[in-house]
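The values are calculated or read from the model by the stated rules, or taken from the named source; none is laboratory data. Remember, it's a predicted structure, so these values are computed and weren't measured experimentally. No Cβ is skipped: glycine too gets one built from the backbone with ideal geometry, and neighbour counts run over all protein chains shown. Heads up: the accessible areas ignore ligands, DNA and RNA and are worked out on the full protein's heavy atoms, side chains in. Shrake-Rupley method; radii C 1.70, N 1.55, O 1.52, S 1.80 Å.
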Amino acid sequence: MTSTYDLLDARLAAAFGRLGPGADPVLRASERADYQANGAMALAKALGRPPREVAAEVVAGLDLADVATLEVAGPGFINVTLTTGYLSRALGTLLGDARLGVEPAAPAHRVVIDYSSANVAKEMHVGHLRSTVIGDALARMYRFAGHEVIARNHVGDWGTPFGMLIEHLVDLGEAGAITTLGIGDLNAFYRGAREKFEVDEAFKERSRLRVVALQGGDPETLRLWRVLVDQSVRYFGEVYAKLDVTLSPEDVVGESYYNPMLEGVVADLAAAGLLVESDGAQCVFPRGFANRDGEPLPLIVRKSDEGFGYAATDLAAVRDRVGALHADELLYVVGTPQSQHFAMVFEAAREAGWLPEGVRCEHVNFGHVLGPDRKMFKSRAGATVRLVDLVDEAIARAVASLEERRGEMSGEERLHLATQIARAAIKYADLSTDRTHDYAFDLDRMVAFEGDTGPYLQYAHARVRSIFRRLEAPVEWGDVAFALASPAERHLATGLLALPEAFSSALVTLQPHRLCTYLFDLAQRFTAFYDACPVLSAAEPTRTERLALCELTARTLRLGLSVLGIEAPERM
Ligand code: ARG
């Protein structure tokens, strides 16, 4: 099924093209009509003619009678109003389409999405929350679009801190350390190691030797390192399960995976003439990067102590993802503070010939999570907040908000529903604003059933589903005629038909909030419809028509939420 936008755009483009080859109709959804084509102004300028005259000629040369009526307005806008006949046919098609009008992508891409990427033996914090939630929403959106997604959880599992972490593990005794890590007290573990490292010279020396042993591939050291990695990966898995995130242990391809490739990266950069020694370090100076004084900025590939840097690993990862995984798109869901790092890595990779023109490579950046007071998010004690604690607190609030419903549900059902609500609250709050902005983590607002929240949308869905529970028998849809007699019905109908446009704009721009905006708007259209139009008490054929609008609303909300990683419970 071709989306309404694509259909109109194609027909309008043909008409514009007859006046000026390749002229863009500049078609937009509009408040005035259903759509507005604003391309006549630019075309008129190019032709040296009055815009209204050009718009009138476009309209005259175009027969859209079966789809829409056209009208020239203002300085030369073309207002496009869909016909009831078109809306009715399109809604009928939608009723029989599990994808609700979203066509599978052709050709399908292989997309590598680097997300979540926490650090071994370190607690996951709110920064990882955003990467995890946004990355998982994008992964689900790409999969639904028909692309192949390869998730890469690029965990920090290598580097000098592992010397001290392994020594701390030895001090605690393996069993004791596993217990600490197993209960998810990674903060305590890391702090314990850090504190000794700072005050205890002998410990510091042991740690240094341990790093050497680790890099030298000493089997016992590697075994101990594995213990740390495995415990952390298991713990991350618990957090993902709690959040309903699709990452699995197979997606963990940490920094250490790229170690064997780093010598080759350096050798090939040198052979390409891109490697320069600067202050004892091996650097690339990617084109277009300078500091405030106009001096070129180095990307450090190998440090003066011979160790490889973060950048070397990311260069190896680009090469692996393009060369071995044959990715068509590379996405990195990482906070804005790393923008310059990624821009320099991508440019260096291009100069080295590892990132061909046709491969899309993007840093999907995001802003900070702030506290409810809009200052940096910190616990009362001033520490970074554990991600699990946030989720647990959201669940506790949702349980409390369901308190009055004690009679209707068992304790287990209540906890299950509260977990679904809490996840929706957290994910939707993160996804519904432009990701590049900061947002305030305000649980009271996030878990509310009113306002632009995840629970509100879940509730809107459950409310529609409750209508169907009052029916004696399931409805057989057959051929529904949509008369759309009232403005509220028509408004809901055009909203239902706009999912493909909203979905594709969210996907193409990597901006899940566009889909959230669409769903929130749809829920409001439904509320207006439901206030104005009785459903079950209406006479046939209106009753079936309105039930079909309800059915499509529920399906659209459910599908839209699911591609964002949010569940839509049947009852709330
Ligand atoms: N582990 C890093 C951190 O916690 C994020 C890694 C992001 N991915 C990457 N390919 N560099 O900040």
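Descriptive notes on the structure:
- Subset of segment 328-349 [part of a helix (DSSP H, G or I) and either within 10 Å of the ligand (Cβ to nearest atom) or of a type in the set (Val, Ile, Thr) (or both)]: THR336, PRO337, GLN338, HIS341, PHE342, VAL345
- Residue in segment 98-111 that is closer than 30 Å to ALA327 by Cβ and within 16 Å of the ligand (Cβ to nearest atom) present: yes
- Checklist (1) within 16 Å of the ligand (Cβ to nearest atom); (2) touching a helix residue (DSSP H, G or I) at 6+ places or on another chain (Cβ under 6 Å); (3) open to solvent by 10 Å² or more (accessible area, probe 1.4 Å); (4) in a helix (DSSP H, G or I) applied to LEU165, failing item: (3)
- Look at segment 357-369: where a residue is closer than 23 Å to VAL385 by Cα and a partner is in a loop (DSSP other than H, G, I, E, B) and of a type in the set (Asp, Glu), sitting 6+ places away or on another chain with Cβ atoms under 8 Å, you get GLY367/ASP438; HIS368/ASP438; VAL369/ASP438.
- Residue match in segment 310-322 (condition: among the aliphatic types (A, V, I, L, M), under 21 Å from the mean Cα position of the chain (by Cα) and closer than 30 Å to ALA394 by Cβ): no
- Checked against the criterion of being within 13 Å of the chain's Cα centre (by Cα) and surrounded by 21 or more Cβ atoms within 10 Å (Cβ to Cβ), segment 94-114 contains one or more residues that satisfy it.
- Among the conditions (1) of a type outside the set (Phe, Trp, Tyr); (2) open to solvent by 60 Å² or more (accessible area, probe 1.4 Å); (3) in contact with a Pro (Cβ under 6 Å, 6 or more places away or on another chain), GLU357 misses just one, which is (3).
- Counting only strands (runs of 3 or more DSSP E) that sit wholly inside segment 247-327, not one has at least 3 residues that are of a type in the set (S, T, N, Q) and open to solvent by 50 Å² or more (accessible area, probe 1.4 Å).
- Of the criteria (1) within 11 Å of the ligand (Cβ to nearest atom); (2) in contact with a His (Cβ under 6 Å, 6 or more places away or on another chain), which one TYR310 fails: (2)
- Check on LEU547, on the phi > 0 side of the Ramachandran plot and either in a loop (DSSP other than H, G, I, E, B) or of a type in the set (A, V, I, L, M, F, W, C) (or both): no
- Residue tally, condition open to solvent by 30 Å² or more (accessible area, probe 1.4 Å) and hydrophobic (A, V, I, L, M, F, W, C), over segment 184-212: 6
- Reported count of residues in segment 479-492, each being in a helix (DSSP H, G or I) and out of contact with any Leu (no Cβ under 8 Å at 6 or more places or on another chain), is 3.
- Boolean, VAL318 is under 27 Å from ILE134 (Cα atoms) and touching a residue at least 12 places away in the same chain (Cβ under 8 Å): yes
- Looking only at residues in segment 31-53 that are in contact (Cβ under 8 Å) with a residue 40 or more places away in the chain and among the hydrophobic types (A, V, I, L, M, F, W, C), the one that is surrounded by the fewest Cβ atoms within 10 Å (Cβ to Cβ) is ALA33.
- Among the residues of segment 141-162, those that are away from the ligand (no atom under 15 Å from the Cβ) and open to solvent by 10 Å² or more (accessible area, probe 1.4 Å) comprise ARG143, PHE144, GLY146, HIS147, GLU148, VAL149.
- Just one of the listed residues (PHE342, PHE366) is in contact with a His (Cβ under 8 Å, 6 or more places away or on another chain), surrounded by 12 or more Cβ atoms within 10 Å (Cβ to Cβ) and within 23 Å of ALA137 (Cα to Cα), namely PHE342.
- Among the residues of segment 73-86, those that are in contact with a helix residue (DSSP H, G or I) (Cβ under 7 Å, 6 or more places away or on another chain) and open to solvent by less than 40 Å² (accessible area, probe 1.4 Å) comprise GLY76, ILE78, VAL80, LEU82.
- The lone exception for GLN282 - which of (1) without any contact (Cβ under 8 Å) to a residue 40 or more places away in the chain; (2) within 16 Å of the ligand (Cβ to nearest atom) it fails: (2)
- Scanning segment 168-185 for residues that are outside any helix (DSSP H, G or I) and at negative phi gives ILE183, ASP185.
- Against the test of being of a type in the set (A, V, I, L, M, F, W, C) and more than 16 Å from the ligand (Cβ to nearest atom), the options VAL170, VAL120 yield a single qualifying residue, VAL170.
- Being part of a helix (DSSP H, G or I), modelled with pLDDT of 95 or more and either aliphatic (A, V, I, L, M) or over 18 Å from the mean Cα position of the chain (by Cα) (or both) is a condition met by no residue of segment 364-377.
- Screening the candidates GLY254, GLY237 for the property of being closer than 25 Å to VAL170 by Cα, within 16 Å of the ligand (Cβ to nearest atom), small (Gly, Ala, Ser) and touching a helix residue (DSSP H, G or I) at 6+ places or on another chain (Cβ under 8 Å) yields one hit, GLY254.
- Qualifying positions in segment 453-478 - outside any helix (DSSP H, G or I), open to solvent by 60 Å² or more (accessible area, probe 1.4 Å) and of a type outside the set (A, V, I, L, M): ARG470, GLU472, PRO474, GLU476, GLY478
- Checking every residue in segment 8-30 against the condition of being assigned to a helix (DSSP H, G or I), under 21 Å from SER504 (Cβ atoms) and open to solvent by 70 Å² or more (accessible area, probe 1.4 Å) gives at least one match.
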